[in-house]
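Data block below; observations after.
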Amino acid sequence: MTLSNIYNQMPKRYLLSLLGFFGLFNAFLLRSNLSIAIVAMITPTIEKTSANTTTIIPAAFNWSTTTQGYILSSFFYGYAFAQIPAGFLATRFGGRILFGGSIGLCAFLTLFTPLCAQSGSGTLIFLRVLEGLSS
């Protein structure tokens, strides 16, 4: 039995549900990746080099808890604002194109997270709002 025979015999609803699962899983990962990474970005890392000395590597960013809250919540501001326009776009272009395009655009914008974080917290907040708008 070849792969094309298996594909033709499998009900299309199973394939659609599998692709939908992986798409939503990817969307969840794009939404929550900074929530996991910000811990390592803020907390100083302690690296033990020998029994008698300890080397502390300073944190890359010195953001207050308020700034961290703004950075983490900015995605959801864009996400909440985009729901009604996304409904109109889905009606016009279809859910398949909008779903794939929004996940692709959000993934592309996520690539710029380190660059924007180095530029400053305001730039990162703006990027996260754009990511939320694209989701």
Answer in debye to the nearest 20: the dipole magnitude of the chain about its Cα centre, from +1 Lys/Arg and -1 Asp/Glu charges placed on Cβ, is 440 debye
Tell me the label-point distance for the pair Ile56, Asn33, using the 7 Å Cα-to-Cβ offset, in nm and rounded to one decimal. 3.1 nm
I need the peptides 4-16, 55-67 ranked by packing, meaning the mean over residues of other C-beta atoms within 10 angstrom, with the highest value on top. 55-67, 4-16
By how many nm would the segment from Phe81 to Phe93 lengthen if fully extended, with 0.36 nm per residue of separation less the alpha-carbon distance? 2.4 nm
Would you calculate, for the chain, the mean residue ellipticity at 222 nm contributed by helices, counting each DSSP H stretch of 4 or more residues as -39,500 (n - 2.57) and dividing by all residues, to the nearest 500? -25000 deg cm²/dmol
Test of understanding: ordering Ile36, Ile125, Ile97, Ile71 by Cβ neighbours within 10 Å, fewest first, what list do you get? Ile36, Ile97, Ile125, Ile71
Starting from the exponent 0.38 and prefactor 2.2 Å, build the expected Rg for the chain from its residue count and divide its actual Cα Rg by it. 1.44
Residue separation times 0.36 nm, minus the C-alpha to C-alpha distance between Thr123 and Phe21: what's the value? 33.6 nm
Cβ-Cβ FRET estimate between Tyr7 and Ala40, R0 fixed at 35 Å, reported to 0.05: 0.25
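Any read-out appearing in this document is the output of simple, stated calculations on the displayed coordinates, not a laboratory observation. Please read all numbers here as calculations on a predicted model, not as lab measurements. Note that we place each Cβ from the backbone using ideal geometry, even for glycine, and neighbour counts take in every protein chain shown.
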